[in-house]
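Report on one structure; see the data block that follows.
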C-alpha cells in the first residue's frame, strides 16, 4: 500500500484549502437563518475563514453551503464533533 504524503490515513489527497484558511473561532452555536424561518437543523457547521455558523448540508436549510456559495470560504468544521470533522466545499469531500 502506497501512502501519500500529507493525506489522511493514506487514502484522501491533501486539500490545500485547509492550510489557506485563517481558522476563525465559531460564532453562536445556532443557525440564524433557520431560527428566522422556524426550521430545525441536523448539525451545525462553522466557517473556518470567518466563524459564521450555519446548518449542515443534511439539514433542511443547507445554510452552510449557502454561505460558501455567497462568500467562497472553502472549509467548514462541524461543531461538537468528535473526532473533529471538516468539509471542503470546493472539493466536495471531508478534509
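Numerical summary
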| quantity | calculated |
| --- | --- |
| Residue that is modelled with the lowest pLDDT [pool: residues in the stretch 12-37 that are closer than 20 Å to residue 90 by Cβ and surrounded by 14 or more Cβ atoms within 10 Å (Cβ to Cβ)] | 12 |
| Out of 78, 65, sole residue that is closer than 17 Å to residue 26 by Cα, at pLDDT 90 or above and touching a strand residue (DSSP E or B) at 6+ places or on another chain (Cβ under 7 Å) | 78 |
| When residues of the stretch 56-95 are limited to those that are touching a residue at least 60 places away in the same chain (Cβ under 8 Å) and in contact with a helix residue (DSSP H, G or I) (Cβ under 9 Å, 6 or more places away or on another chain), the one surrounded by the most Cβ atoms within 10 Å (Cβ to Cβ) | 75 |
| Residues that are closer than 20 Å to residue 71 by Cβ and either modelled with pLDDT of 95 or more or in contact with a strand residue (DSSP E or B) (Cβ under 7 Å, 6 or more places away or on another chain) (or both), drawn from the stretch 38-51 | 41, 43, 44, 45, 46, 47, 48 |
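The values are calculated or read from the model by the stated rules, or taken from the named source; none is laboratory data. Just so you know, these numbers come straight off a predicted model, no measurement behind them. Cβ coordinates were reconstructed from backbone atoms using ideal geometry, including for glycine residues, and neighbour counts include every protein chain displayed.
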